[in-house]
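Peer 1: Before I ask anything, here is the structure I am working with.
Just so you know, all these numbers are worked out from the coordinates, no wet-lab data involved. Only a predicted model underlies this, so the values are computations on that prediction, with no experimental measurement involved.
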């Protein structure tokens, strides 16, 4: 089984022990024509990776396709695909590769969304010299309805704001906090009530 196309010697022995030899020819497989169509949903910063559905019409159903190292039956949706170019491999019910098609997943950011363009410094120096004195997020678009929190090493909230211009000055209840690494969490509710959460760390340097 699983022999490639070509000529193969064969030998057959009957009940009397007589051996008959000959040649068997396996003809190459010729794929029957198919009609392949696909539709794509762009990757979105709020809804995750892109999606694609590939349909195949032909006489050797069921058909399958493989994309991004995953296999699907034709008509099923592949999801969670990062933006980029892919080659989808089409096979028939006998697991024979019959076609391949290029698929492109584009990226479409929700209007007004933060996506992954939030920037928070990895360190700050609250020494009142006018440089890197405040820890706060910066986004590429104007945003509303967000919360920015900073936690110390034991998980205590040392700063919280819902105001876009406010940032942490390294103090908690009027007391300078020690030098070290602090965890920040930035939460933003976007269109349709979907929430995006960003996390990171910043070093307070004195």
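Peer 1: Pick from 181, 161, 23: which is most flexible by mean-square fluctuation in a GNM of the chain where alpha carbon atoms under 10 Å apart are linked?
Peer 2: 23
Peer 1: Let me ask you something else. In whole angstrom, how far apart do the alpha carbon centroids of region 1-77 and region 118-140 sit?
Peer 2: Here the answer is 57 Å between Cα centres.
Peer 1: So what are the three principal axis dimensions of region 123-204 from its Cα atoms, in whole Å, longest to shortest?
Peer 2: Answer, in whole Å and largest first: 40, 29, 20 Å.
Peer 1: Project the alpha carbons of region 64-107 onto their principal axes and report the range along each, largest first, in whole Å.
Peer 2: Taking the Cα atoms of region 64-107, the three principal extents are 35, 17, 16 Å.
Peer 1: Sticking with this one: How big, in percent, is the set of alpha carbon pairs in region 35-105 lying more than 15 Å apart?
Peer 2: Result for the distance tail: 47 percent.
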